[in-house]
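The values are calculated or read from the model by the stated rules, or taken from the named source; none is laboratory data. Just so it is clear, the model here is predicted, and its values are computed rather than measured. For neighbour counting, all protein chains shown are included, and Cβ atoms are generated from backbone atoms with ideal geometry for every residue, glycine included.
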Amino acid sequence: ELSPAVNFALRISFYCLLCVVSSALTAPVCLLVNGGRTVKNMRIIKTVVKTFKYFFGLRFEVKGLENFKVEGPAIIVSNHQSILDMMGLMEVLPDDCVQVGKKELMYTGSVGLIIYLGGVIFINRKSTTSAKMVMAEVAKTMTTENVKVWVYPEGTRNCTGDLLPFKKGAFHLAVQAQVPVIPVVYSSFTTFYNPKKNLFTSGKIKVEVLPPIETKGLTSDDVSDLTDRCFRTMRETLFRLSGHPSEAKESS
Ligand SMILES: CCCCCCCCCCCCCC(=O)SCCNC(=O)CCNC(=O)[C@H](O)C(C)(C)COP(=O)(O)OP(=O)(O)OC[C@H]1O[C@@H](n2cnc3c(N)ncnc32)[C@H](O)[C@@H]1OP(=O)(O)O
Ligand SMILES: CCCCCCCC/C=C\CCCCCCCC(=O)OC[C@@H](O)COP(=O)(O)O
């Protein structure tokens, strides 16, 4: 019998190895099929990553996928718990959707390369000015190139079973481009994944894609309200999916 700490370390190392090796094998395929950095590569990446769940005994129960079927661009916002989220992301990711990620991810070897090839938009979280400039650029190109953008509005991983306060970047982006916000909520991982307790077993993740929130006619003055509204809806959904109905009642 392995100690829980060793067992946890082995499973996480295996996950990282799987990411590194799959990225190294998938990158040449992306280059051959699509010739370089393009969101079309995400279809290939998605196909590969969707097999990962079987190695870890993870199951996804997805509801509301029809809410992704909006004409044209949209901002998708979701909760961010762990590096494992990448599997949940790929499980539901619609076509022609790029993610916003921290620029440090570019320097993770083959994983950085695959993320680059997939069209991920890199932002420097240490510089608000440059992050805002990148986001403003994205607001312009998402309409011309007809892509959706996936943002983790908490801005960092958070495995507490609750949400961190939302950063407003995603909502500024939605208002600037006048496109809807589509919230996606993943149930809490705490029952099967907790790095502090060396816990990483098999488990079920409930995912819900919520109805789009329109932003037509909203201005920058409305961004705070939009952010709050989205936060409250997602927090209630998180508690409901994770089986804490009492907390959901408290927050409403
Ligand atoms: C095999 C392997 C395959 C791998 C596949 C992998 C897939 C890849 C997956 C990748 C997954 C990767 C996952 C990841 O990496 S998650 C980490 C990276 N992602 C994020 O951080 C996204 C969320 N963050 C934000 O949206 C932030 O707001 C940004 C980053 C934009 C700025 O943050 P910062 O902390 O610097 O500043 P602040 O938020 O305090 O804002 C300051 C003020 O500025 C205002 N403001 C903000 N924005 C705008 C704007 N656009 N126009 C006008 N104003 C704007 C804002 O209202 C506020 O003003 P006020 O309201 O206080 O007055
Ligand atoms: C060949 C050299 C290989 C170098 C080692 C590469 C190791 C890569 C390990 C695992 C890859 C996991 C998949 C990456 C995508 C997940 C994105 C992610 O979850 O990033 C964290 C970021 O959202 C928030 O960062 P912080 O919580 O603020 O920090």
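From the list PRO183, PRO211, PRO165, which residue is in contact with a strand residue (DSSP E or B) (Cβ under 6 Å, 6 or more places away or on another chain) and either assigned to a helix (DSSP H, G or I) or not hydroxyl-bearing (Ser, Thr, Tyr) (or both)?
Exactly one residue qualifies, and that residue is PRO183.
Pick from LYS167, LYS196: which is more than 10 Å from ligand 1 (Cβ to nearest atom) and among the charged types (D, E, K, R)?
Criteria check complete, one pass: LYS196.
So for the stretch 152-175 (the condition being more than 12 Å from ligand 2 (Cβ to nearest atom) and modelled with pLDDT under 95), does at least one residue qualify?
yes
Based on this model, can you work out whether SER202 counts as surrounded by 20 or more Cβ atoms within 10 Å (Cβ to Cβ) and within 19 Å of LEU84 (Cα to Cα)?
no
Looking at this structure, is VAL179 crowded, with 21+ Cβ neighbours inside 10 Å and more than 14 Å from ligand 2 (Cβ to nearest atom)?
The answer is yes for VAL179.
For the stretch 116-144, give me each residue that is under 15 Å from the mean Cα position of the chain (by Cα), part of a loop (DSSP other than H, G, I, E, B) and within 21 Å of PHE171 (Cα to Cα).
GLY119, VAL120
Has the stretch 33-40 got any residue that is within 16 Å of ligand 1 (Cβ to nearest atom), modelled with pLDDT of 95 or more, in contact with a Ser or Thr (Cβ under 8 Å, 6 or more places away or on another chain) and among the hydrophobic types (A, V, I, L, M, F, W, C)?
No, because not a single residue in the stretch 33-40 is within 16 Å of ligand 1 (Cβ to nearest atom), modelled with pLDDT of 95 or more, in contact with a Ser or Thr (Cβ under 8 Å, 6 or more places away or on another chain) and among the hydrophobic types (A, V, I, L, M, F, W, C).
With the structure loaded, tell me whether MET106 is within 29 Å of ASP228 (Cα to Cα) and in contact with a helix residue (DSSP H, G or I) (Cβ under 6 Å, 6 or more places away or on another chain) or whether it fails that test. Explain how you work it out, then say what you get.
On the way: within 29 Å of ASP228 (Cα to Cα): no; in contact with a helix residue (DSSP H, G or I) (Cβ under 6 Å, 6 or more places away or on another chain): yes.
The answer is no for MET106.
Scan the stretch 48-59 and tell me whether some residue there is within 11 Å of ligand 2 (Cβ to nearest atom) and either closer than 26 Å to LYS167 by Cα or more than 14 Å from the chain's Cα centre (by Cα) (or both). Steps first, answer last, please.
We begin by selecting, within the stretch 48-59, every residue within 11 Å of ligand 2 (Cβ to nearest atom); these are 49, 52.
Adding the requirement that they be either closer than 26 Å to LYS167 by Cα or more than 14 Å from the chain's Cα centre (by Cα) (or both) leaves 52.
Yes; the residues of the stretch 48-59 include at least one that is within 11 Å of ligand 2 (Cβ to nearest atom) and either closer than 26 Å to LYS167 by Cα or more than 14 Å from the chain's Cα centre (by Cα) (or both).
Does LYS126 meet the test of being over 22 Å from ARG43 (Cα atoms) and within 9 Å of ligand 1 (Cβ to nearest atom)?
Against the criterion (over 22 Å from ARG43 (Cα atoms) and within 9 Å of ligand 1 (Cβ to nearest atom)), LYS126 qualifies.
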